[in-house]
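Remarks on the structure that follows.
Derivation of every value follows stated rules applied to the coordinates shown; laboratory data play no part. Here the structure is a predicted model, which is why all the values come from computation and not from measurement. Cβ placement follows ideal geometry from the backbone for every residue including glycine, while neighbour counts extend to all protein chains displayed.
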Amino acid sequence: MAMAVGGGGGGPKADINMTPLIDVLLLLLIIFMVITPLTPKGLDTLVPQPNPNQQQNQELENKTVVVQILTNGKVKINNEDSTWDALGPRIEQIFKDRAEKIAFVKGDSDVLFGEVARAIDIMRGSGIDKVGLITAKLEAGQ
């Protein structure tokens, strides 16, 4: 803290002491920088959780729709062969009576990301609310 002393003119001066004001402002700045949450960037995905017993319920299998993209450019829906042109209408047909519109995409390890993105785009255009990704480690139960 500082104080102005001496000088001519006599009497007290009404000066604002800037040092404590700057200290308080810096402290507030640091506090707000620390507590401000950073917004996550990226895609929202759902990943199915592996069953510890590795026993799947038949009802759950009927509800789960998996679109598999193979390296040779072919597409499978729940292990049934399909084509890129038939993917959208088939997904619409599967989900027309379902309340939960969740599907998963599984791509081979050598498939380009553009193919997976194309499948996700077609599925979103067919009315799927949430699209999840299945990975090789997830399938192995790791």
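Under the 0.36 nm per residue contour assumption, what length would be gained going from the current alpha-carbon distance of LEU112 and THR135 to full extension?
Working: separation 23, 0.36 × 23 = 8.28 nm, distance 1.42 nm.
Separation in residues times 0.36 nm, less the Cα-Cα distance, equals 6.9 nm.
Taking the mean number of other Cβ atoms within 10 Å as a proxy for protection, how do you rank 83-95, 13-25, 107-119 from highest to lowest? Please report the intermediate quantities before stating the final value.
On the way: 83-95: 15.2, 13-25: 9.2, 107-119: 13.7.
So the order, starting with the most tightly packed, is 83-95, 107-119, 13-25.
May I ask you to list the residues of region 101-124 whose amide nitrogen lies under 19 Å from a point 7 Å from Cα along the Cα→beta-carbon direction of THR71?
Only 106-117 fall inside the zone, counting backbone N under 19 Å.
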